[in-house]
């Protein structure tokens, strides 16, 4: 019951009511408010003390009872003592004022640090709920049965049809297909899989029916490990500790000692109470949340959503920024990048027309990208006949009476054709650039090839250069191959590369970098980036095109997916940290002067409360300057 009452009183509406009554106490006579026809025979400051003081006193007592060590002594304890002392000498305005300022500071901090935690629930929702098991009883003749995912056991044989989600980790024992592994690795290209190759829980079978043998089920599956990593990383991130509370372990005894010495030396209890009132760290408490509120407002205007004050504070200390590739440095979509003709009588435009016409009936993502590109170029596709596809390898079809074979090297060689040396050289060049290639052959000679690639964002290189000017290291962490990663990193101006990483390996990489004494910011957009975003000191997600899970796991979201905002975010964070340090220094100076004046009798509890309230306002004004400052 007490806790419910405390939560009710600590809310913003009730705190506003407390502020109104505090103003009334200052404006009207303390002996009672004379209204037309009747008198209110009490000081309105009592309402403020009850509304704002009870939550404060409750917090102080709770920490004394339940906390351990120096954490028992908090700023709430010092202010509670000052409030009670002011009440004891009859200065209710001073008591209400310090309680009100502290409550406003607490509300501001809550507004900046409360974070939604829906991401984990969304990640759990991706876990497959059922699988298609093939009965091993010969009498049942390979009958398929849909069973709940939790009933799948190791070594069970499962069938996964096109479009279905793979229910557990396993090995393909029959069939070939293309698997969308973006949930695990972030790769923009589906990965071709065949017999003997591993598939992961939660990934999607994009083409071709496969039979697989379950190897890791239940809590051992890759997706469940991913979920646990997000949970563990969430638990490792401690909430932001207020600077005033960190200082309270020495503020409280120092304030009490000075107040007692002052009272004994001057034989004036009012001076002792004044010391306690002005010693209250209200300006100190407000320094951090007000600066953070202003910075968050500034960032929001620029399409950067900062979820917590802790993230902003930590971003100012970051010296290493790690990037995912797909969807972060690149657009995360396949485009035809190269059309290379090896036949003197076939132009690039004609080669594209033949290839797109042959691929028109294909369901493979590469084929769809080629067809889309041809249509964008205004090419009218020709009719194709005798279409055949071999999953994960290639297709053959007749276009304008010509039999065409399109696919990777393995498929072309399997069809009995050879690959000339000049074609092999061109293939190697494209591999180094991280591109997927499709060879086009008519059975007699290689007509040409088309290459597809993800596209680097044009602002990536400028962004990396600006970070370098701020002495911030950059590193690429990606599930793509080493060649692909190195190619894009070079184009973006990122010198450090770690490739072929699964989600847990990204987490390990970040932990290793942190272990070298660095503060790390991770920037990503996919579900697979969620553990890394949570493990890093600061996680930044691409808001509009990134997965909901990545956005929820991150501390900061870029709503326009504009990575050129990263240098702006770094400058803003640096300025916020500097402003907080300045405000803390000024608040300590003001407190020192006020305590001195209190000891000398220059201030009484009421004027002391007003002076230290003026210091609080000064801190708020300094923080407000962040809102309109230019950081471009």
(message) Here is a list: 95, 88, 82. Which entry is at pLDDT 70 or above, surrounded by fewer than 21 Cβ atoms within 10 Å (Cβ to Cβ) and over 19 Å from residue 556 (Cβ atoms)?
(response) 88
(message) When you check residue 309 against the structure, is it modelled with pLDDT under 80, assigned by TED's automatic domain parsing to the domain that holds residue 502 and either crowded, with 24+ Cβ neighbours inside 10 Å or under 18 Å from the mean Cα position of the chain (by Cα) (or both), yes or no?
(response) yes
(request) Identify, by number, the condition in (1) under 30 Å from residue 346 (Cα atoms); (2) at pLDDT 90 or above; (3) in contact with a helix residue (DSSP H, G or I) (Cβ under 7 Å, 6 or more places away or on another chain); (4) part of a helix (DSSP H, G or I) that residue 450 doesn't meet. (result) (4)
(request) For residue 47, state whether it is assigned to a helix (DSSP H, G or I), modelled with pLDDT of 70 or more and either touching a strand residue (DSSP E or B) at 6+ places or on another chain (Cβ under 9 Å) or within 23 Å of residue 85 (Cα to Cα) (or both). (result) yes
(message) at negative phi, crowded, with 16+ Cβ neighbours inside 10 Å and at pLDDT below 85: is that true of residue 579 in this structure?
(response) no
(request) Check whether at least one residue in the range 25-44 is in a helix (DSSP H, G or I), out of contact with any strand residue (DSSP E or B) (no Cβ under 7 Å at 6 or more places or on another chain) and at pLDDT 75 or above, and report yes or no. (result) no
(request) Would you mention how many residues in the range 132-173 are in contact with a helix residue (DSSP H, G or I) (Cβ under 6 Å, 6 or more places away or on another chain) and either at pLDDT 90 or above or assigned to a loop (DSSP other than H, G, I, E, B) (or both)? (result) 1
(request) Report, ordered by the first and then the second residue, all pairs with beta carbons closer than 6 Å, sequence separation of six or more or different chains, a first member in the range 87-115 that is on the phi > 0 side of the Ramachandran plot, and a second member that is modelled with pLDDT under 70 and crowded, with 23+ Cβ neighbours inside 10 Å. (result) none
(request) Give the residues of the range 312-331 that are in a helix (DSSP H, G or I) and surrounded by 24 or more Cβ atoms within 10 Å (Cβ to Cβ), sorted by residue number. (result) 312, 315, 325, 326, 327, 328, 329
(message) Kindly evaluate residue 350 against the criterion of being free of Cβ contacts under 8 Å to residues at least 24 places away in the same chain and touching a strand residue (DSSP E or B) at 6+ places or on another chain (Cβ under 9 Å).
(response) yes
(request) Would you be able to say whether some residue in the range 332-354 is part of a helix (DSSP H, G or I), buried (at least 16 other Cβ atoms within 10 Å of the Cβ), touching a helix residue (DSSP H, G or I) at 6+ places or on another chain (Cβ under 9 Å) and outside the structural domain of residue 489 (by TED's automatic domain parsing)? (result) yes
(message) Quick check on residue 128: is it at pLDDT 80 or above, farther than 17 Å from residue 278 by Cα and part of a helix (DSSP H, G or I)?
(response) no
(request) Considering only residues that are assigned to a helix (DSSP H, G or I) and in contact (Cβ under 8 Å) with a residue 40 or more places away in the chain, look in the range 453-468 and name the one that is surrounded by the most Cβ atoms within 10 Å (Cβ to Cβ). (result) 463
(request) Looking for whichever is in contact with a strand residue (DSSP E or B) (Cβ under 8 Å, 6 or more places away or on another chain) and over 30 Å from residue 439 (Cβ atoms) here; the options are 462, 478, 474. Which one fits? (result) 474
(request) Output the strands (runs of 3 or more DSSP E) that fall wholly within the range 374-437 and possess 3 or more residues being surrounded by fewer than 14 Cβ atoms within 10 Å (Cβ to Cβ) and outside the structural domain of residue 492 (by TED's automatic domain parsing), or say none. (result) 384-390
(request) Look through the range 294-306, keep the residues that are touching a helix residue (DSSP H, G or I) at 6+ places or on another chain (Cβ under 6 Å) and in a strand (DSSP E or B), and return whichever of them is surrounded by the fewest Cβ atoms within 10 Å (Cβ to Cβ). (result) 304
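The values are calculated or read from the model by the stated rules, or taken from the named source; none is laboratory data. Note that the structure is predicted; figures quoted are calculated from it, not measured. Note that each Cβ is placed from the backbone with ideal geometry, even for glycine, and that neighbours are counted across all protein chains shown.
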